[in-house]
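Nothing in this text is a laboratory measurement; each read-out follows from the coordinates by a stated rule. What you are looking at is a predicted structure, and each value in this text was computed from that prediction instead of being measured. So basically every Cβ, Gly included, is an ideal-geometry build from the backbone, and we count neighbours across all protein chains shown.
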Amino acid sequence: MEIYPVGGAVRDKLLGIPVKDRDWVVVAGNPELLLQQGFTQVGKDFPVFLHPETKEEYALARTERKTAPGYSGFEFDTSQEVTLEQDLMRRDLTINAMAESESGEIVDPYNGREDIKKRMLRHVSPAFSEDPLRVLRVAKFAARFADLGFTVAEETTALMREIVQSGELEHLVKERVWQEFEEALGSENPRVFIEVLRSCGALQALLPEVEVLFGIPQPEKYHPEIDTGVHTLMCLDQAASLSNDAVVRYATLIHDVGKGVTDSSKWPAHLGHEMLGLKPQKEIAARLHVPKEFAQLAAIVCEHHTKLHRVEELRPVTLLRLLEQLDVFRRPERLEKFLTVCEADAKGRLGLEDQPYAQRQYLMSLVSSISALDIPALLKESNSKDPKETIANKRLELISDEVERLRGETERGICKI
């Protein structure tokens, strides 16, 4: 057997960035030989083995043949006759189609090193089009390596467009699609992921609710960038700078989908887009099998983000209702995520990227004013037959007091809201 580190480990070493995962390819091997050496077999579609000590993945060299639509419609050959070059040919991008020999020699039959120098994401062979999931993987790599100057080769974008037009994306397993979305949203430049998907038509196929936002106008007074799609990408940039949390970034991406279904005769105004956005958000969640944590935050942001933007105008009773709808008292960790998305929305506007977002501090002050409330002591003292009403009334009283204090500070120029 010949064993080589392959793919991302070789690529990242050549790029001079930390190698996070190491995968290995086994040439001229078979399951029996690996099992004899203490490896554990995993994977059903083709033999993958875990090293007995490092637990790194070792896969038998293989070729594959398309037999059915979708990501899983392949027939594999993992016989001992499969060469390293044949195994590398089936990989997606040239920069991922390299191996390293035991002596340190780079095996690079498809010019991956040259494309690293050119900062180019280029498909290895026409077989690229047999796996529709690669459309998302290329977009994800583009987002991951954008800061290093990588772009997608024109011929690869053209091939991705052909895959989209063939309808192959419709056959992808939804959980795999979501996995790529989640990983890309957590990458260095999630905006690039969306832009690459747009460039080949995949965003329209996978997330039409976001694609339709491009070209929809907004009031220039509040949105100098005017275009709702452009605003969405700017918000995504802001969210990426404020948080690494993919949950926050997902909610940012789809916070304005309601503007895609408002009455076009009333544009650039989008009255009611908050509530209108809930239905398309549910459709996205069902279509992509979005996890509950992501979908719940997105819905809360969609419905309530404009309330936070004008928080200083809200009456105490409305503020209490907002905190209850955000579930702040039971799930305080959600508040920070909500505030971050709202801040990204406020800053995702042309020329306003660096403006302070005092609304965050305003709401946090209200939460702090009631967080020290001793509920058991309150209920014992009141001896009320309606504990919920007693708690709500006390919270309302504390919020009212804090609002008055904040308004006084605003008048003295201390708190800029």
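Here are the numbers:
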quantity	calculated
Residues of type lysines that K380 reaches as a straight line, Cα spacing below 28 Å, ignoring anything fewer than 8 places off in the same chain	K388, K394
Residue order, fewest to most beta carbons within 10 Å, for T306, T156, T54	T54, T306, T156
Neighbour-limited loop hits for GluC sites (Glu not before Pro), region 178-240 (at most 12 other Cβ within 10 Å; DSSP other than H, G, I, E, B)	E220
Diffusion coefficient, µm² s⁻¹, Stokes-Einstein with Kirkwood Rh over alpha-carbon pairs of region 119-206 at 20 °C and 1.002 mPa s	169 µm²/s
Ranking of F329, F128, F141 by count of other Cβ atoms within 10 Å, fewest first	F329, F128, F141
Estimated Rh, the chain: Kirkwood, alpha-carbon pairs, angstrom	24.5 Å
